[in-house]
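What follows is a short report on a single structure.
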Amino acid sequence: MNLNLYIIRDYLNQAILHQNIHHSLIFCPFDSVTLYYPGQAVLANYLYVIDGEVWMKEKEYFAGGNFVIWNWDGQCEGTPSINSIGLSPEPSIHEIFFQIQQIFSRFQKWELELYGLLANHAPFKKYGDISLGFLENPICMYTAGLRNIFYSERKRRRT
């Protein structure tokens with residue numbers, strides 16, 4: 001399962017000050033996240049967390065790439081070949097990096113759970129049940145004839 005910048009944007013616990021995402025929802029998959037340092041080669045399959053000041057100095061050298069710009073000040077506009085999200089200076093760049101790593105870990109854990117269900121020929125409802133905590137929404141599946149296959153939701157507390 002690959003993450004993309006739309007998923008990172010949706011799961012970040014920060015206010016997004018800027019977004020410049022040009023790829024489709026299906027495209028721009030990431031294998032990993034890393035902190036950008038000056039002079040580093042930018043790979044298309046990595047998400048880079050970069051300081052806004054470093055971004056301003058280095059952006060003309062980028063032919064493409066995917067960035068989370070920490071300390072975005074409004075001057076950090078991108079180009080069509082660069083996908084970016086701009087964040088405020090609070091919290092620190094290291095906390096942002098940690099949050100993004102947690103998103104990757106959460107997705108990987110969910111993916112492994114799905115593979116485990118697949119290997120054990122689990123019913124569809126089990127897929128919905130383990131996805132509840134991740135997707136944070138009720139899940140249902142219907143056939144083309146609108147027959148309900150399963151419905152999963154969190155148990156409500158009785159009053």
Some residue of region 149-157 being outside any helix (DSSP H, G or I), more than 24 Å from ASP10 (Cβ to Cβ), at pLDDT below 75 and in contact with a strand residue (DSSP E or B) (Cβ under 8 Å, 6 or more places away or on another chain): yes
Given (1) over 30 Å from GLY133 (Cβ atoms); (2) touching a residue at least 40 places away in the same chain (Cβ under 8 Å); (3) among the aliphatic types (A, V, I, L, M); (4) loosely packed, with under 13 Cβ neighbours inside 10 Å, number of the condition ILE82 does not satisfy: (4)
Those residues of region 88-137 which are without any contact (Cβ under 8 Å) to a residue 12 or more places away in the chain, among the acidic types (Asp, Glu) and farther than 30 Å from GLU53 by Cβ, in sequence order: GLU136
Test: GLU113 is assigned by TED's automatic domain parsing to the domain that holds ASN20, farther than 16 Å from LEU17 by Cβ and part of a helix (DSSP H, G or I): no
Count of residues meeting criterion [surrounded by 16 or more Cβ atoms within 10 Å (Cβ to Cβ), over 19 Å from ILE8 (Cα atoms) and at pLDDT below 85] in region 18-75: 1
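The values are calculated or read from the model by the stated rules, or taken from the named source; none is laboratory data. It should be emphasised that the depicted structure is a prediction, and the values quoted were computed from it without experimental measurement. Every residue, glycine as well, gets a Cβ built from its backbone with ideal geometry; the counts of neighbours run over all protein chains shown.
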